[in-house]
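S.K.: I'd like to ask some things about the structure below.
The values are calculated or read from the model by the stated rules, or taken from the named source; none is laboratory data. All of these numbers come straight from a predicted model, not from anything done at the bench. Because the Cβ atoms are built from the backbone with ideal geometry, glycine has one as well, and the counts that use them run over all protein chains shown.
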Amino acid sequence: MTENIFDRCRGIPAYEVAQREGIELRKHGARYWAKCPFGHVDKTPSLVFFPDGGYKCFSCGAGGDAVSFLARLKGVPPLVAATQLAGGAPAHYTPRTQPSEYQKNHDIESWRREKRLDLLDIQADANEAMKRRVVALQESDALYGR
């Protein structure tokens, strides 16, 4: 069985990633504690790093392994984070490899505009067919004297 990049990262503890990223850790027993870096204010540390390598924030609920920690911290997909942890990628991530939010919205709007035009074409075809049907019925009534 071949080992994938996530398998190679399985042995990396999340607290080591936090230390490398400059997060201040405090050791209490076998666990490390820190103030959560995921967008909420901590007066006291709410983020715990477990001895098995995982982490959990008791304030925002974030949790997982080293890959998910780095992905969430950097705002990158898990594959990019795993590649960085395994040492196969540069230390930075350029989001240009993914479509921007503007591009996604533009693509959605283009698709909607195209579908709207398709619907207008179908409606115009239906109206023309209805007009032809009305003319045919009028001619039929005139032919049979109704």
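S.K.: Considering the range 110-146 alone, what residues qualify as being assigned to a helix (DSSP H, G or I) and at pLDDT below 80?
M.R.: SER110, TRP111
S.K.: Under 9 Å between Cβ atoms, which residue pairs at least 6 apart in sequence (or on different chains) link something in the range 120-146 that is surrounded by 10 or more Cβ atoms within 10 Å (Cβ to Cβ) with a partner that is not in a helix (DSSP H, G or I)?
M.R.: Note: pairs meeting the criteria are SER140/ARG146.
S.K.: Limited to the range 1-21, what total is found for residues that are under 19 Å from VAL80 (Cβ atoms) and free of Cβ contacts under 8 Å to residues at least 12 places away in the same chain?
M.R.: 4
S.K.: In this structure, does LEU79 turn out to be surrounded by fewer than 17 Cβ atoms within 10 Å (Cβ to Cβ), assigned to a helix (DSSP H, G or I) and in contact (Cβ under 8 Å) with a residue 24 or more places away in the chain?
M.R.: Yes; evaluated as a whole, the condition is true for this residue.
S.K.: Give me a count of the residues in the range 1-59 that are aliphatic (A, V, I, L, M) and surrounded by fewer than 12 Cβ atoms within 10 Å (Cβ to Cβ).
M.R.: Number of matching residues: 3.
S.K.: Which of the residues that make up the range 27-46 are touching a helix residue (DSSP H, G or I) at 6+ places or on another chain (Cβ under 8 Å) and touching a residue at least 24 places away in the same chain (Cβ under 8 Å)?
M.R.: Across the range 27-46, the qualifying residues are PRO37, PHE38.
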